[in-house]
Every structure is written in structure tokens, then in C-alpha cells.
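For reference, the structure discussed in these notes is given below.
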Amino acid sequence: MANNIVVYIICSLAMFHITAGMNGCCNVVTIGTVIHVKCSGCRLQTVPENLPINATELNLHNNNLTILHQDSFRYLHQLNKLILSSNGLSMISSGAFDGLQNLKYLDLSNNLLENSSFDVFAFQPLIRLTHLDLRQNRLHLKETYPEHAIAYLSQVETLKIDVFEGFRFGIGFLNLTKLKQINFAVVLQESISVLNSTFLGLERTVISHLVLHFSMKKFEINALAPFHNLVSLKFHSGRTMNIRDVQKTLYGLQKRKMEYLELTDNYFPSVSSIFLMKSDFVYLRTICVRKIDLSMNNIEGIEMDAILSWPNRKCLEILDISSNNFLSIHIFYLLVLFPSLTHLYASDQSSIKFRKRSSASMEQTLFLPHSLIYLNFSRNPIGGSLVNSTLHESNNLKVLDLSYPLRHLSCSYGRLKGLVNLTEFYMSGFECSHPNPEMFSDMPNLLTLEAKECNLGHVLAKDNNLLFKGRYKLTFLDLSANNIYLLSPIIFADQQYSLKTLIFASNQLISLHMHILMELHALETLDVSHNRIPTLTKSDIALLDTHQTKSPAFKVNLLGNPLVCSCEVLDFLDWVGTTNMLYNRDNLLCSTPDGSQIKVIKFLQTFGQFKERCASQFWLIISMIMIIVFVFTAFLSRVVWKHSVKLRVWCRQPLEYEVFPFDVFITYCNEDARWVTRTLVPWLEQEDVEYCIDDKSFELGLDILDNIMNAIDNSRKSVFVVSCKYFKREWQTFTMQLTSVYSFRDGRENMNVIILIDDMRRSEFPKLIRKNWDEIRPIIWPNENCSDKNKLIKAKKAFWRTLLGRIKY
């Protein structure tokens, strides 16, 4: 037992000894055979002891390792990558890298190293090192590199190092015979001189790609001569040299065969444009180069003799003159001088000009090299109408980019002819509200058309539009941002079996126009993002699903539309949750009933509960509607019944009497009640006439109209007491109409008696009364204001005698 305890204590001490040297900040990650030890940002002042001896990568970035002592990495024989950047490192002792014979990558950047910081044998153990990074150190203080130490790095292939005024690669670099790539970093913001002797120490290297991207104070013409294997040069002077002087630096590369020359951003901002002459090509014309980039050099033109004097121009296949200041269309006239040119980039010219011509003289023929297949002439300040230009039949142009002309080139009249081999055409930004219907007629092989922001919305809605007619091979069509709100049913009639990608992004569509789109049998991508589509109908969904069965890769982009998440679109929401057709489905947004925006995918997490609420809400709404309809119908029926004379008369079954309960039914207006109660009623009682009057005979609680018709049925005669005020009361007028219609039904024509209190004309009475005026013969009450009393008495006796006769017979 005691022996076991001793063994346990010894093992524990051994374990403590192995791990005590490692800082708690370090961590080890093993991926296959790579064992990565990361101790960055741990404030270490010395390299941790007892690191895993089988570590292959060690990251000590951002610590406080100011000095690398001898044997700092003695046991890390398998290490192949070491990062010591940002440590304030100022001294590397002899033997510091002992044991790192397998190290290939060493990063010493962003430290305080200068020439004296390196022991002469500091790098001697690094016999397999291929990558060394010395950028952002203090080598500029003594304007010299630690060549005594670097001389031992014969296997280095990539070197990253600072450049500064007076920098020079001396004989210590002659041993770097395998150096393929050198990257320069500028420590101070200053212009740097490059002399003929600057790169002499690199003449044994195999550097093939060189980037010179810093401000130049001076650059001697033979400085690049030591780079015997150079095939690619990128020269950016930071606008401290002009392109004419930069071309002189090619002196040391004469008669070379190169892959790429990038001479960009070389001009003085305060100096006007440069017109390159024959003398400027004296060195370039001796170089056989496949690709040249002359963009951003403020070039306004190139002399034709300069091109003609260039015997090696047949080597040039790709030319980039973008972002310059060419003044005329003579770019195209120079193209034919390059027999092997395949690609031309001539976009973003700041002041290109075309001579204005009348519409009658717009025809012109352009000649292009037969080898040219790509032409980019986008974002140039050309305007007016598209000229009727013909490209000579020898052209083989396949891609043409004229997009976004800075002065809104119109396509209303002219068109491009001779583009029989064109497969891609980019014309975004044209003004095409009234396009030439034959604009694409000379492009039978067109596969890709990009026409964004061309104002084609009104055009595509017309049924007689022939814009895409005959383009049977068109596979990609981008019509974004064209204010499209409607599509003609025949717009894509000739692309039914070719169109694979159709983009309608950023338009005004409110639906998918499925009756058109589903005729496109080859369609694989439909982009209707950022339109005004709130949802998809059941028929839309069914057609989309049917199309996907034929084309499983089919995708639809609905992103950016004002989708709604409400009870009215449950089918759409259910489909969104199950389909794999929607592009970027997880980022779709919708508006909820409370007005908030939410991701559809998040909304669908509680979709089941939402459907239940919708179902309850649906039946509540149905019940409310039924109640409202019932109440409204009842009310309307009551109103119709109450105010329809013909309906009341037609529906009523008259009462039949052999002896009527009343002799007369009296109707009058309130203003005439005094005459009725004080004059007419006493007389009726005196003559024993049974009368029916509203305040005496009407049944309480019964509708007034029913009371009236009951009174008519119960009375042998109907007496109307009529004055000027009688027709001013709507119900009285209605009463008279009802009474008249009911009274003049068959067999009861003589039941009406009309007493005129005031003198009234026949035209003031309802039509039915006027029609039977002669049969009714109204009785007129004498004028009470008559001055002859005897005459008035006689007139009243005659009135009562006539009235009694009408009532009795």
C-alpha cells in the first residue's frame, strides 16, 4: 500500500513538471496530424517550457517576448510553422532557433527588429524555411537589411520585407536562389527611390511575380533588369509618376516574354491628360506580353503610329484601358491593329465624345479584330440615341457590355447590326421607354441579356411587343428595376424552351403572372424579389409545384416583398413552411395583423396555434355576417312593406261586407283638423252618418297603413278633406296614393269623395286622381270670406246637400 502511494506521488510530480511550463492561457488543438498550440495574447515574456514536443504549429502572437534566448525551441523538432508577430521583439540570440530544422514558415512581423538584432548565425538552423515575414520592423533605421543572417536561408521561396528610402538588396541575398515571390511593405509614408543597384542582390532568384505599390521619388530605368524570370509586374506609383515615365522603367525588361503588365494609377492629379506617342512605346514595344492593364492613368489617347511601331502587339490578348480620359471613338479604330486581342476593357472613360449626327446620317461601320470576343464599354458618358452601327461581318464578338451610359443612351431609333455571334449583351441603364422593336434582331445567338433600369415597364405590357421575338436561344434575362407592373401574355412566346433564369427584381409586380411564366418550360430560377407581391394564390402555388416536378432545381426568390401573415393567406403560409422551392426562405419577412414585421420562419413556429385562432375568428365573422344579413333583410322587408303602395294593395285580401260598419272613412291633415271636428263631424252626426276617423276608430298599436286599409274596407265611402297644406305631409300623400289605389280597384271606383277646402288646381293631385277626375267631381267648400251672407248660406246648404247625396248613393 505504501509503495502504491509513493508511485502515485512520483507520477503526480512528473505530470506537474510536464505542464508547469505551459501558461494557462495556451490551448492545444489537434486536427489530424496537425497539432496547433495557440498562446497568443498571453503576456508571455519567455517561450513556455515543455510545450508538446510533437507540436507542428505554434502561435505566440501579441506577447512580450522582447528577446529570443538560445534553445527557446530546442525540443520542437516537428514544428513547421512559428508565429512571433507583435511581441516587441528586439533581439534574436545565437541558437534561438536551434532544433527547428523542419520549420517552413516564420512570421517576425510588427516587431522592433533592426540590422543588429540578428546574430549572424540566427537563421542557420532553419534549413527548410520557405516563408519569412519581416514586415513592419525597424530595418529602416539604419537603411540596411540583415544580409549576414539572411544569407543562410537558401531555401526561402517567399519573402515579405519593408522598403524605405535607400533600401538595397546586396550580396547577402544572392544565396536566395529559390526565392519566387517578394512582397514589399512601406514603413514610413514617404516616397522611395529605386536605383539600378537596388535589386542587384536578387538577380539569382527565380522571382516571377513582382508588385511595386508605393510612392516613387525616383525610379532608374534599369532597376528591373535583375529579375530575369519575371513574367508578371504590377507597378503602382501612387500617383507620383505619370504613365509616360513608368513606361521608361521597362527598359530593364526589354525583349522579354511576359504574361502580365499592370501599370495602373500612374498620373499626377494636377496635370492634364496624357496623349501617348510613338516615343513612349520604345521599350514596351520590345516586350511580348499577353495581358496589359493601363487603367487609371489619365490617358486621353494613343497615337496610331505608336501601335504600328509595336512589332510584338500580336502577343497582346487582353487590354484594359478603363478609367482613363479617352476623347473620341478612335479606341475602336485602334482595335484592328491588335490581331490577337480577345478582351478589351474600356469602361469608365471620363470624357469620351461622339460627334453628334442627324438621324439620317447615323449609319457607321466598325471593324473589330476577328479574335475579339469580349468588349466592355460600360459607364461611359455617351448619350443621345443609339446610333445605327454595323460591326463588320468579320467580327467574332461574343460578349458586349454597354451598360449604364452616364448620359442615358436612348434605344428608340438605332440598333446594332452584325452581332451574329453575340451570346451576352449588357445594356442596363439605357432609356428604352420606346425601344426600336428590331433592337435584338441581329443577335440570333443571344444567350444572356441584362437590361436593368431601362424603363421597359410600359413596353412589356403591350400585346404587340416584338422585342424578344426570334431570340429562341435566350437562357438568362435580367429585367430588374424596369417599373414593370404588367406582362403581355405573348412577351416570352419564343423563349418557352430556352429561358432558364428570369429576373424581375425591384419592379412593381403584385402577382407572379403564372399564366405566362408557366409556359417557360425550361425555367429554373425566377427572381421577383423587392416587388409588391403580398401573397401567392392557391392556383399560383399549384402551378409552381407542378413546374417543380418537371424541373426539381426550380427556385423562386420572394425576398423583399410585402408579404402578409394573416388568416386570409393560411394556404400560402403552410406552403412556405413545407416547400424547398424558395430561395433564402429563412430571411423572408411578413407583416402580422398587429402591423409588426417578423421573419416568416419564426412566425411558422406557432403556426398551429395561429390557424386555430383563425378558425375561431372565421366562424365568429360568419355568425356576425349572418346576423347582420338577417336583421338587414327583416328591416328592409319592413321598410318595403311599409312604403310600397302596390305591394300592400297586391298582398291584401279586401274585406267583403253586405252592410258596411261605417258609411264614410275620413282622411285629412292636422292643419285641417279644426274644420273636420267643428264643421264636418257635427254635420255627419246630425245626419246620422256613421263615420270612421283616426282618433276615434283606429286600433291602438296597429300600423297606421293597416289601420287605413281596414278603415277603407269597413267604409262604404272614403272622404278626403283636401287643402293646400294636405300635400305638404308625406304620409298624407302616401295615404292618398294608398287609398286611391285601393279604392279604385275593380268594383270600387266610386268610393272616393274629395272635399276641397281651398281652391286647388287639378294638376296638384296625384296621377291616379287626375285620371279619374271626372268621375270623382270634387266638392268645393264655399269661401268663408264672402261678403254676401245670404249667398254664403245658400252655398253651404248646396254643399251639404251634394255631400249627403254622394255619401248615401
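Looking only at the range 782-799, which residues are surrounded by 14 or more Cβ atoms within 10 Å (Cβ to Cβ) and in contact with a helix residue (DSSP H, G or I) (Cβ under 6 Å, 6 or more places away or on another chain)?
Pro782
Taking the range 590-617, which residues are open to solvent by 80 Å² or more (accessible area, probe 1.4 Å) and in a strand (DSSP E or B)?
Those that are open to solvent by 80 Å² or more (accessible area, probe 1.4 Å) and in a strand (DSSP E or B): Gln597, Lys599.
For the range 259-291, which residues satisfy the criterion of being assigned to a strand (DSSP E or B) and surrounded by 20 or more Cβ atoms within 10 Å (Cβ to Cβ)?
Selection gives Leu261, Leu263, Ile274, Leu276, Val289.
Please go through the range 107-126 and pick out each residue that is open to solvent by 30 Å² or more (accessible area, probe 1.4 Å) and hydrophobic (A, V, I, L, M, F, W, C).
Within the range 107-126, Leu112, Val120, Phe121 qualify.
Evaluate the range 92-104: report whether one residue or more is modelled with pLDDT of 95 or more, hydroxyl-bearing (Ser, Thr, Tyr) and part of a loop (DSSP other than H, G, I, E, B).
no
Conditions tested, residue by residue: (1) under 20 Å from Ser480 (Cβ atoms); (2) in contact with a strand residue (DSSP E or B) (Cβ under 9 Å, 6 or more places away or on another chain); (3) not polar (S, T, N, Q).
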| position | (1), (2), (3) |
| --- | --- |
| Ile533 | yes, yes, yes |
| Ile541 | no, no, yes |
| Asp545 | no, no, yes |
| Phe554 | yes, yes, yes |
| Asn557 | yes, yes, no |
| Val564 | no, yes, yes |
| Asp571 | no, no, yes |
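Scan the range 551-572 and tell me whether some residue there is open to solvent by less than 30 Å² (accessible area, probe 1.4 Å) and touching a Cys at 6+ places or on another chain (Cβ under 7 Å).
Within the range 551-572 (the criterion being open to solvent by less than 30 Å² (accessible area, probe 1.4 Å) and touching a Cys at 6+ places or on another chain (Cβ under 7 Å)), the answer is yes, since at least one residue qualifies.
So, of the residues in the range 43-80 that are open to solvent by 30 Å² or more (accessible area, probe 1.4 Å) and not in a loop (DSSP other than H, G, I, E, B), which turns out to be farthest from Thr33 (Cα to Cα)?
For the range 43-80, the residue satisfying everything is Ile67.
Taking the range 144-201 as the region of interest, how many residues are touching a helix residue (DSSP H, G or I) at 6+ places or on another chain (Cβ under 7 Å), within 20 Å of Leu112 (Cβ to Cβ) and not in a loop (DSSP other than H, G, I, E, B)?
Selection size over the range 144-201: 4.
Could you grab me the full set of residues in the range 529-550 that are under 20 Å from Ile490 (Cβ atoms) and open to solvent by less than 50 Å² (accessible area, probe 1.4 Å)?
Result: His547, single match.
Looking at the range 127-137, can you tell me whether even one residue there is in contact with a strand residue (DSSP E or B) (Cβ under 7 Å, 6 or more places away or on another chain), open to solvent by 60 Å² or more (accessible area, probe 1.4 Å) and in a loop (DSSP other than H, G, I, E, B)?
Within the range 127-137, one or more residues are in contact with a strand residue (DSSP E or B) (Cβ under 7 Å, 6 or more places away or on another chain), open to solvent by 60 Å² or more (accessible area, probe 1.4 Å) and in a loop (DSSP other than H, G, I, E, B).
Which of the residues spanning the range 270-314 are of a type in the set (Val, Ile, Thr), touching a strand residue (DSSP E or B) at 6+ places or on another chain (Cβ under 9 Å) and closer than 24 Å to Leu372 by Cα?
Matches in the range 270-314: Ile287, Val289, Ile292, Ile299, Ile302.
Need at least 1 residues that are open to solvent by 20 Å² or more (accessible area, probe 1.4 Å) and at pLDDT below 80 per element, so show me which helices (runs of 4 or more DSSP H) inside the range 679-766 make the cut, counting only ones lying wholly within it.
Where helices (runs of 4 or more DSSP H) fall fully within the range 679-766 and carry at least 1 residues being open to solvent by 20 Å² or more (accessible area, probe 1.4 Å) and at pLDDT below 80, they are 694-697, 704-713, 730-743.
Restricted to the range 174-183, and to residues that are under 56 Å from the mean Cα position of the chain (by Cα) and crowded, with 18+ Cβ neighbours inside 10 Å, which residue is nearest to Leu212 (Cα to Cα)?
Checked the range 174-183; the qualifying residue nearest to Leu212 (Cα to Cα) is Ile182.
Counting only residues that are at negative phi and open to solvent by 30 Å² or more (accessible area, probe 1.4 Å), how many does the range 473-500 have?
Final tally of qualifying residues: 12.
Looking at the range 220-243, can you tell me whether even one residue there is in a helix (DSSP H, G or I), in contact (Cβ under 8 Å) with a residue 24 or more places away in the chain and within 49 Å of the chain's Cα centre (by Cα)?
yes
Restricted to the range 768-809, and to residues that are more than 19 Å from Asp758 (Cα to Cα) and of a type in the set (S, T, N, Q), which residue is farthest from the chain's Cα centre (by Cα)?
Result: Asn790.
His515 passes all but one of (1) free of Cβ contacts under 8 Å to residues at least 24 places away in the same chain; (2) more than 23 Å from the chain's Cα centre (by Cα); (3) not in a loop (DSSP other than H, G, I, E, B); which number fails?
In the conditions (1) free of Cβ contacts under 8 Å to residues at least 24 places away in the same chain; (2) more than 23 Å from the chain's Cα centre (by Cα); (3) not in a loop (DSSP other than H, G, I, E, B), His515 misses (1) alone.
Tell me which residues, restricted to the range 490-512, are hydrophobic (A, V, I, L, M, F, W, C), in a loop (DSSP other than H, G, I, E, B) and either within 15 Å of the chain's Cα centre (by Cα) or closer than 14 Å to Leu477 by Cα (or both).
If the condition is that a residue be hydrophobic (A, V, I, L, M, F, W, C), in a loop (DSSP other than H, G, I, E, B) and either within 15 Å of the chain's Cα centre (by Cα) or closer than 14 Å to Leu477 by Cα (or both), then Ile491, Phe492, Leu499, Phe504, Ala505, Leu509, Ile510 are the ones that fit.
Okay, residues lined up against (1) among the basic types (Lys, Arg); (2) within 24 Å of Ile510 (Cα to Cα); (3) over 27 Å from the mean Cα position of the chain (by Cα); (4) open to solvent by 30 Å² or more (accessible area, probe 1.4 Å):
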{"site": "His370", "(1), (2), (3), (4)": "no, no, yes, yes"}
{"site": "Glu393", "(1), (2), (3), (4)": "no, no, yes, yes"}
{"site": "Ser403", "(1), (2), (3), (4)": "no, no, no, no"}
{"site": "Leu419", "(1), (2), (3), (4)": "no, no, yes, no"}
{"site": "Tyr426", "(1), (2), (3), (4)": "no, no, no, yes"}
{"site": "Gly429", "(1), (2), (3), (4)": "no, yes, no, no"}
{"site": "Pro435", "(1), (2), (3), (4)": "no, no, no, no"}
{"site": "Leu456", "(1), (2), (3), (4)": "no, yes, no, no"}
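Scan (1) at pLDDT 90 or above; (2) open to solvent by 30 Å² or more (accessible area, probe 1.4 Å); (3) within 29 Å of the chain's Cα centre (by Cα) for the single condition Gly383 breaks and write down its number.
(1)
Which members of the range 491-511 meet the condition of being touching a residue at least 40 places away in the same chain (Cβ under 8 Å) and either in contact with a strand residue (DSSP E or B) (Cβ under 9 Å, 6 or more places away or on another chain) or more than 25 Å from Pro437 (Cα to Cα) (or both)?
Correct list: Ala505 only.
Exactly one condition in (1) open to solvent by 10 Å² or more (accessible area, probe 1.4 Å); (2) modelled with pLDDT under 95 is not met by Ser237; state its number.
Ser237 satisfies all of (1) open to solvent by 10 Å² or more (accessible area, probe 1.4 Å); (2) modelled with pLDDT under 95 except (1).
Of the residues that make up the range 447-454, is at least one open to solvent by 20 Å² or more (accessible area, probe 1.4 Å), under 21 Å from Ile373 (Cβ atoms) and either β-branched (Val, Ile, Thr) or part of a loop (DSSP other than H, G, I, E, B) (or both)?
Checked the range 447-454: at least one residue is open to solvent by 20 Å² or more (accessible area, probe 1.4 Å), under 21 Å from Ile373 (Cβ atoms) and either β-branched (Val, Ile, Thr) or part of a loop (DSSP other than H, G, I, E, B) (or both).
The values are calculated or read from the model by the stated rules, or taken from the named source; none is laboratory data. Keep in mind it's a predicted model, so treat the numbers as computed, not measured. Virtual Cβ from ideal backbone geometry, glycine too; neighbours counted across all protein chains shown. With ligands, DNA and RNA removed, areas are computed over all heavy atoms of the protein, side chains included. Shrake-Rupley method; radii C 1.70, N 1.55, O 1.52, S 1.80 Å.
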